[in-house]
Every structure is written in C-alpha cells, then in structure tokens.
Amino acid sequence: MNEAQILKSYEIARERYAALGVDTDKAVETLERTPISLHCWQTDDVVGFESGQALSGGIQTTGNYPGRARNIDEVRSDVKFAKSLIAGRHRLNLHEIYGDFGGKFVDRDQCGPEHFESWIQWARENDMKLDFNSTSFSHPKSGDLSLANPDSNIRSFWIEHTKRCRRIADAMGKAQGDPCIMNIWVHDGSKDLTVERKRYRELLAASLDEILREDLPGMKNCVEAKLFGIGLESYTVGSMDFFEGYCATRKVMYTLDTGHYEPTENVADKVSALLLFVPELMLHVSRPVRWDSDHVTIMNDPTLDLFKEIVRAGALERAHIGLDYFDASINRIGAYVIGTRATQKCLLSALLEPLAKLRVYEDSGCGFQRLALLEEAKTLPFGAVFDYFNYKNGVPVGPEFIPEIEKYEREVTSKR
Ligand code: RNT
Ligand code: ZN
C-alpha cells in the first residue's frame, strides 16, 4: 500500500466512525500511549541464562524451529528487532533467569540488583521500561512445591528468592522513574490426589504475606492464578479462588492469564468483577488451544472480548497489558510480532466501539438496535485505522513486516 492509499482509506474510515460518534484520532492516540509489556521469554523458549536447565514447573514449549536466542546479546538483538516492527512505546518483561550473571552461576537465593544493572541501562538506551518476574521453575529445588512447601528449608529458599526479586524490581522502578511491575507465579501443585489442599494454601498465603511485607515504593506486585500445570493436574495451590481472595484482602494486583481458565470459561467476564475488588490487573495475553498451550496471540473473539470489557469498564489505566506465550515451532520473532500486533488490533477494535450509542440503546431498552449495532460494528473499516496507526508510527503496514522478518532470519537467526 502506498501513502496516498493509506491516508485516503483512513479519511473514509474516520467519517464512517464519526457518523456513529467515534473519534478515530483519539483511539489512535490512546493506542499509541498504551504500552505492552513484551515477554523476553518468547525469544529463547523460556530458557534464560542461568544454567540451561530443562523447562519445568508445569509449563512447556513445543517445537524446535532454528534460531533460538542463546545468550543475552541475542535476546537483546531480537527484542530490539521485534520492537522495530511494532508501533508505540513498549515495556520489556524480564524473568530472574535472564540476569546478566557474567558467566558465573548465581543461585536464586543470591540474585540482586547488580545482575540487572546492564538491563536497566540497555532498557534506558532503547526507550523501554522494565517489568519483572521471580522464577521458581526450572531449578533443582523447584519440585512440585516451592512457596507452599512444608519443608521449611525449601520454602525459605523460595521466600528469599522472591524477596530479592522484589528488591531488583524496586531498583528497576526507581531507575526508570516508573514502577516496575513484578509478577509472582508459582507452579505449586500436585500430579495426583492430595489430602492437604488446605495446608498448602495456608503455607502459600503465609509465604506471600512474608514476601510482601517489605515496603518497596519503586515496584508493584502482582500474583498469577492458574488452573493446572503439566504433571500437576490434580491440584493447583494458587487457583483462581485462592488468588481472588488473596488479592482482594491484601489489595494486590491480580494477574489474569487468558490461558489459565477452563476452556469454556469467559475470561473477559472476569474483568469487571475482579476490578471491583482488586486494585489493578496485569494481563498475560495468550491463546490456549484445548489447554494452556501458550499459542501465539491472534485477533480472536476471546481476545477481542477481553479488551472490549476493559474499555467498557473504563479500566485501561488499571489494566496493564503483558504478553505470555512461547511458540518454538515457527520463527520466534515472527511469533513475537504477530502476537503483539494482534493485541494492539484487539485494543484498537475496543477503542473504536460505538459505545455511547450502544449505551443509549441499552438504557432505553432497545435490544434489537443494540444487537444490530454490535453486529454492524464488526464490519466497519477497522483495518484502515490500524494501517494508519502503523503508518503514522513508521512501522510496516499490513503484511510488509513479513519480508523484514525473513531478512532478519536470513542474516541473523539462521546463522545461530
Ligand atoms: C505459567 C504462567 C507464567 C509463565 C511465565 C514464563 O503458566 O503463565 O506467567 O508463563 O512466567
Ligand atoms: Zn502467565
């Protein structure tokens, strides 16, 4: 598409939306200033730089497409390249195992802000802010239980790790002048029947209370609920009910991973209910296929509905957008870019909903009119607005990013 076509299509789209009371310029501006936290782990199949331990903790990547990032320089290069194909200013979400350990083995109870100095500097140079995650999987002490382990030695090890991670996040937040959001996800659960459901949950709550005790104003905490893990199918300590209660009583941000619910559950419906009782949401936008398979995010109905619910709830400021998928079966940078652009498409589509008019219909009991407009909104010239957004921000429009990724593969990732 050439410039004239993009602008002409956008002009027409702007008028079509304006006729329904929607300001497309405003929607584009909102999209531009809404950061997406890019998950560094899409570049290397969640391996990190600690010791190359096999992925454990109930999560799994499938596929072995060539070109995985093998070290800190390759991860940085891939993130930087992916970012160049995505409009807007974004954040980078790091896990503890991605520290700059300088070739030395640094155990999880030894990590500190010094291992993330170079990331803080790199992020500043590349105009990104950092988010963070403690890492309790892929370690000899991970087992089936970490923060909920009845063995106080193992439990203390993970409490110490998570406390240190909070201090790292605090240092990041202070350095970037904006709170670093740190996610705590633990895989704790049981493969087979357990008669100690309550006991493990008591332990998890107590461990978290201890971890969160230190006042660290440079960071914000979020905790992630889950349905089940591979090899941990019968019981998950940190279930949705557990974390809903925990977040509501402790006033902690809830991490809503779209792959962590029953396959027929409506994840979008949770937004308004949770936001009445928890302070904020962290989203892990993913795509479950039959299970928590972490397929690449696409513009599908569940994701569109999720963002519509956030916009309808007026909750864009209280819902932080992060990605969480790991596909190793296709070009990983391609997967990164498809998923991030798809997330932006879903948010834009939500921002372009003729909400004021729909609400008037709803308030006056006009059920047919409301359904008709919801249907018609689906075929409005959304694509022209998304193309304009990318054009305006100097990134490839439409499928133009495909050859760019092919070139990077030829020149960089295929040589690894
Ligand atoms: C696992 C959780 C968690 C991880 C990342 C790597 O089921 O979704 O968020 O995917 O921390
Ligand atoms: Zn997640």
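The values are calculated or read from the model by the stated rules, or taken from the named source; none is laboratory data. None of the values given here were measured: they were computed from a predicted structure. Every residue, glycine among them, receives a Cβ derived from its backbone with ideal geometry; neighbour counts consider all protein chains shown. Surface accessibility is based on the protein's heavy atoms, side chains included, excluding ligands, DNA and RNA. Shrake-Rupley method; radii C 1.70, N 1.55, O 1.52, S 1.80 Å.
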Q.
Of everything in segment 215-237, what is closer than 20 Å to Glu202 by Cβ, touching a residue at least 60 places away in the same chain (Cβ under 8 Å) and within 19 Å of the chain's Cα centre (by Cα)? Give them in sequence order.
A. Glu224, Lys226
Q: Could you list, in sequence order, all residues of segment 30-60 that are among the small types (Gly, Ala, Ser), in a loop (DSSP other than H, G, I, E, B) and within 14 Å of ligand 1 (Cβ to nearest atom)?
A: Gly48, Ser56, Gly57, Gly58
**Q.** Residues satisfying the stated conditions in segment 119-141, i.e. in contact (Cβ under 8 Å) with a residue 24 or more places away in the chain, among the polar types (S, T, N, Q) and either closer than 28 Å to Arg33 by Cα or touching a Leu at 6+ places or on another chain (Cβ under 9 Å) (or both)
**A.** Asn126, Asn133, Ser134, Ser136, Ser138
Q. Does any residue of segment 344-362 turn out to be among the charged types (D, E, K, R), within 15 Å of Val285 (Cα to Cα) and touching a strand residue (DSSP E or B) at 6+ places or on another chain (Cβ under 7 Å)?
A. no
Q.
Among the numbered criteria (1) within 15 Å of ligand 2 (Cβ to nearest atom); (2) open to solvent by 40 Å² or more (accessible area, probe 1.4 Å); (3) within 30 Å of Lys26 (Cα to Cα), which one does Asp324 miss?
A. (2)
Q) Do we have any residue at all in segment 138-154 that's within 16 Å of ligand 2 (Cβ to nearest atom) and over 30 Å from Arg197 (Cβ atoms)? A) no
Q.
Suppose the filter is open to solvent by 30 Å² or more (accessible area, probe 1.4 Å) and of a type outside the set (S, T, N, Q); does Lys226 pass it?
A. no
**Q.** Count - residues of segment 92-119 that are more than 20 Å from Glu160 (Cα to Cα) and crowded, with 21+ Cβ neighbours inside 10 Å
**A.** 3
Q.
Going through Arg89, Arg124, Arg108 one at a time, which residue ends up being within 22 Å of the chain's Cα centre (by Cα) and modelled with pLDDT of 95 or more?
A. Arg124
Q.
On the basis of being modelled with pLDDT under 95 and away from ligand 2 (no atom under 13 Å from the Cβ), does Pro279 make the cut?
A. no
Q: Select, from Tyr254, Tyr200, the only residue that is crowded, with 22+ Cβ neighbours inside 10 Å, at negative phi, free of Cβ contacts under 8 Å to residues at least 40 places away in the same chain and hydroxyl-bearing (Ser, Thr, Tyr).
A: Tyr254
Q: Run Tyr246 past the list (1) among the hydroxyl-bearing types (Ser, Thr, Tyr); (2) within 14 Å of ligand 2 (Cβ to nearest atom); (3) closer than 30 Å to Ala175 by Cα and report the number of the one that doesn't hold.
A: (2)
**Q.** Failed item in (1) within 16 Å of ligand 1 (Cβ to nearest atom); (2) β-branched (Val, Ile, Thr); (3) over 17 Å from His161 (Cα atoms), with Val271 passing the rest
**A.** (1)
Q | Qualifying residues in segment 121-178 (those that are more than 16 Å from ligand 1 (Cβ to nearest atom) and in contact with a strand residue (DSSP E or B) (Cβ under 6 Å, 6 or more places away or on another chain)) - the one farthest from Phe49 (Cα to Cα) | A | Asp178
Q. Taking interchain pairs and intrachain pairs at least six residues apart, which have beta carbon atoms under 7 angstrom, with the first residue in segment 368-379 and under 12 Å from Leu352 (Cβ atoms) and the second modelled with pLDDT of 95 or more?
A. Ala377/Glu353; Ala377/Pro354
Q: Please enumerate the residues belonging to segment 140-157 that are hydroxyl-bearing (Ser, Thr, Tyr) and open to solvent by 40 Å² or more (accessible area, probe 1.4 Å).
A: Ser152, Ser156
Q. Any idea which residue in segment 47-72 is surrounded by the most Cβ atoms within 10 Å (Cβ to Cβ), counting only those that are more than 16 Å from ligand 2 (Cβ to nearest atom) and among the hydroxyl-bearing types (Ser, Thr, Tyr)?
A. Tyr65
Q. Is it fair to say Glu244 is away from ligand 1 (no atom under 16 Å from the Cβ) and either closer than 23 Å to Asp209 by Cβ or open to solvent by 10 Å² or more (accessible area, probe 1.4 Å) (or both)?
A. yes
Q.
Let me spell it out: the conditions are (1) touching a residue at least 40 places away in the same chain (Cβ under 8 Å); (2) surrounded by fewer than 21 Cβ atoms within 10 Å (Cβ to Cβ), and Gln5 meets all of them except one. Which number is the exception?
A. (1)
Q | Which listed residue is touching a His at 6+ places or on another chain (Cβ under 6 Å), within 27 Å of Ile330 (Cβ to Cβ) and at pLDDT 95 or above, from Phe81, Phe137 | A | Phe137
(Q) Can you find, within segment 86-107, the residue that is farthest from Phe137 (Cα to Cα) among those that are in a strand (DSSP E or B) and in contact with a Phe, Trp or Tyr (Cβ under 7 Å, 6 or more places away or on another chain)? (A) Leu94
(Q) I want to confirm something. Restricting to segment 282-310 and keeping residues that are of a type in the set (A, V, I, L, M, F, W, C) and open to solvent by 30 Å² or more (accessible area, probe 1.4 Å), which single residue is nearest to ligand 2 (Cβ to nearest atom)? (A) Trp291
